[in-house]
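Down below is the structure, laid out as structure tokens.
The values are calculated or read from the model by the stated rules, or taken from the named source; none is laboratory data. The model shown is predicted, which means the values in this text are computed figures rather than measured ones. Heads up, the Cβs are rebuilt from the backbone with ideal geometry, glycines too, and the neighbour counts pull from every protein chain shown.
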Amino acid sequence: MNAVTRLITLGTSGGPPPRAHRAQSSNLLTVNGTHYVVDAGDGVARRLAKAGINVREIGIVFITHHHDDHTAGLGRCCRFVGSKSHQADPCLRPAQNRRAREGRCAVLQD
């Protein structure tokens, strides 16, 4: 069986200011048909839609570090990511900021 791997850069903009035509740091990694998001900067959900990917089909979101330009879109993603597989926590990130991410998601789930 041949492994199929594809990487799409969804957002390449760094730093906190929003930009009209660029999204913040986010990448889509597809391995054998399973989609993973690496970083979830602002605009990640919109960019996934533009790439033809249903956000509910994302397996896991990996966060490399907790700068806002890598996590600003995380709240939107964690509302839907893992909903197909009913994962309790579809995000993998540095443990020291877990409470910050959970706080963002708790607000959206109310």
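Pick from the stretch 27-47 the residues that are at positive phi and among the small types (G, A, S): which of them is modelled with the lowest pLDDT?
Looking at the filtered set, the residue picked out is G43.
Tell me which of these C77 doesn't satisfy, since it passes every other one: (1) in contact with a strand residue (DSSP E or B) (Cβ under 6 Å, 6 or more places away or on another chain); (2) at pLDDT 80 or above.
Unmet for C77, out of (1) in contact with a strand residue (DSSP E or B) (Cβ under 6 Å, 6 or more places away or on another chain); (2) at pLDDT 80 or above: (2).
Do any residues in the stretch 47-65 that are under 15 Å from L7 (Cα atoms) have Cβ atoms under 6 Å from those of residues that are of a type in the set (S, T, N, Q), where the two are at least six apart or on different chains, and which pairs are they?
Within 6 Å, the pairs are G59/T34.
Is there a residue in the stretch 48-62 that is among the charged types (D, E, K, R) and modelled with pLDDT under 80?
No, there is no match, as no residue in the stretch 48-62 is among the charged types (D, E, K, R) and modelled with pLDDT under 80.
Considering the stretch 12-52 alone, what residues qualify as being surrounded by fewer than 20 Cβ atoms within 10 Å (Cβ to Cβ) and β-branched (V, I, T)?
If the condition is that a residue be surrounded by fewer than 20 Cβ atoms within 10 Å (Cβ to Cβ) and β-branched (V, I, T), then T12, T30, V31, T34, V38 are the ones that fit.
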